[in-house]
1. How large is the charge dipole for segment B:156-287, taken about the Cα centre, if only the Cβ atoms of Lys, Arg (+1) and Asp, Glu (-1) carry charge, to the nearest 20 debye?
2. Distance between the C-alpha centers of segment A:1-39 and segment B:141-170? Whole Å please.
3. Loop only by DSSP, 16 or fewer other Cβ within 10 Å of the Cβ. Give me the chymotrypsin sites (Phe, Trp or Tyr not before Pro) in segment B:239-328 that pass, ordered by residue number.
4. Angle, helix B:72-87 long axis vs. longest principal axis of chain B, Cα atoms, 0 to 90°, nearest 10?
5. Report, to the nearest 10°, how far helix B:288-303 tilts away from the longest principal axis of the Cα atoms in chain B, using its own Cα long axis and a range of 0 to 90°.
6. Looking at segment A:174-239, which trypsin sites (Lys or Arg not before Pro) are in a loop (DSSP not H, G, I, E or B) and have at most 13 other Cβ atoms within 10 Å?
7. How far apart, in nanometres, would the label points at residue A:33 and residue B:227 be if each is projected 7 angstrom from Cα along the Cα-to-Cβ direction?
8. Using the Kirkwood formula on the Cα atoms of the protein assembly as shown, what hydrodynamic radius do you get, in angstrom to one decimal?
Number of protein chains: 2
Amino acid sequence: MASIRDVAKKANVGSATVSRVLNNSGYVSEETREKIENAMEELNYIPNELARNLFHKKTGIIAVLVPSVANPFFAEFVECIESELYTYGYKTMLCNTVKEGNAELEYLDMLNRHIVDGVITGVHSLDVEVYKKIHKPIVALDRFLGEDIPVVAVNHKKGGKLAAEELLNCGCKSVLQFCGSKAIESPYLDRHTEFAKMMKKSGVEVHNYELEWNRFDADYYEKVMKDVFSSKLDVDGVFGVDQIAIRFLNEARRRNIAVPDEIKIVAYDGTFVTGLTEPRLTVIAQPIDQLAKQSARLISRLVNGKTYRNKKVLLDAELKVGNTTRNL
Amino acid sequence: MASIRDVAKKANVGSATVSRVLNNSGYVSEETREKIENAMEELNYIPNELARNLFHKKTGIIAVLVPSVANPFFAEFVECIESELYTYGYKTMLCNTVKEGNAELEYLDMLNRHIVDGVITGVHSLDVEVYKKIHKPIVALDRFLGEDIPVVAVNHKKGGKLAAEELLNCGCKSVLQFCGSKAIESPYLDRHTEFAKMMKKSGVEVHNYELEWNRFDADYYEKVMKDVFSSKLDVDGVFGVDQIAIRFLNEARRRNIAVPDEIKIVAYDGTFVTGLTEPRLTVIAQPIDQLAKQSARLISRLVNGKTYRNKKVLLDAELKVGNTTRNL
């Protein structure tokens, strides 16, 4: 493979001049630049990206940390963010943190070792202090990581309100809410508080079922359904994240409980899996593509030393009425 | 941040000696090594991974190319392969190739520019010749990329046979098969050939519906269902990939066609989405975790200059009977 020296020799210039062209730094006359570019083409010279990275102290790689890409929400987010980062000229390093051992910490450690230019993190097992020690750009998806780290999230309070309004409009009197784990502070939890508040204000009874943290496996979901249906709760409305809502719907059908006539269901997130049920689910849809677009925009600004106006980008969720709340 | 020179000064040795310790190369006495390691700890020295990569000509990164990680099969594969590569000490660069422009080519070009140590590819839009030109280790998931590139795949011929046997055992007389696009040669297509062969041998009529290549969006699936149900095909058995099978099941239910009494359905792949239907789908399940394990094992061997016994690792799919073929 041709080296910088081969290119320099062919173009009859010094290696430093070739380097200036490669790195687009310092003055090189148009004529010389052309000679060098022709030499590169003739020799099929491929710049060694490692060497260039060392020079620029950049790798062109952004790490994206999520608990598990097998979870539909994160699968869609990662799909979108990878495409967005690609248009900004970055490659995506995928880090699934739900693993044996402390993968999140190890991945963050990469930052200090120059492997990536920045991090977009959708996980939250580590203490905020760990993130504060990292002297590279970070954008947090749906997580508070301290004053200096920008957050991109959906306005979950409004999301919870939309869900409550839909179930209230359908005349529910007693509802079951599947809550995310309260182990870690997250904007995500606002929807539960707001949902419960609005329901209680209207005199509706609210039963909360708190889900375990970072459990996305079928066995766990099955256990949850068994818990819920064996408890003989008398509810006429259910609010929960996509996969929980779908499993509740399926279990209700198995037991010949009519949806929406006897029980109404609202799912939160609205990922593609909610398009795979019959009847179609009513959802509060997060704009996953917009979450990705905004995260990519912010990390790109930060990596390039630019500032941002907002430390908190709040997007709106949307109610999409399906057949699990009304007979359309 | 402390540099190698700071460490050398503190340990009272030359920079080259520190470098030998960092790279674990050349002789350094135990005593000196200890002095250097103590100095690193005291100065909180973090080795610059870019510089080390340049020295070793390795990055510790494996690129994983898939059409779209939002597709459940690839989401599960990527989840598993990321974990496997992590245990081998590699980070995963995720490359979704279904994009505007020629992302697959651009991603492959990274190889020649030293960004990654190797590639696992589950895509196939480019000509085999492109892959042959890449002088870095490649492992192909379910694709033929030439004699020298090892393939990890499921024995799809056997998979197709399992599906045919199940529908034959259920007494089907006329079946509809959703086929993958034949635009590119892939072991994946063997299941269609085998399925049709076995059916025809038993006197069963086979209707084939060829799906477009790399289309995973809901709109497309909707169009397919419209096509199929408006054609008033008289079939009593259906065989198709997970999302197609689920959507067929839902559409059948909407039209009050009894499954499995009037039509039996077998899904291929058996990803987590087949656990989200009621009735539960009968599936031919690919061992996605094993595909990932074997791909990671092979790429790790290749990156480390080792050989492999088999250029083709063939795994078995498994029939998991649900309620769309028999009333369990």
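1. About 260 debye.
2. If we compute the Cα centre of each part, the gap is 51 Å.
3. Passing sites in segment B:239-328 are B:308.
4. 30
5. Around 40 degrees separate the two axes.
6. A:182, A:232
7. Roughly 5.0 nm, to one decimal.
8. On the way: mean 1/r = 0.0365 Å⁻¹.
Roughly 27.4 Å, rounded to one decimal.
The values are calculated or read from the model by the stated rules, or taken from the named source; none is laboratory data. On a predicted model such as this, the values are computed, not experimentally measured, just so you know. When we count neighbours, we look across all protein chains shown, and the Cβ atoms used for this are built from the backbone with ideal geometry, even at glycine. Keep in mind that these areas ignore ligands, DNA and RNA; they rest on the heavy atoms of the full protein, side chains included. Shrake-Rupley method; radii C 1.70, N 1.55, O 1.52, S 1.80 Å.
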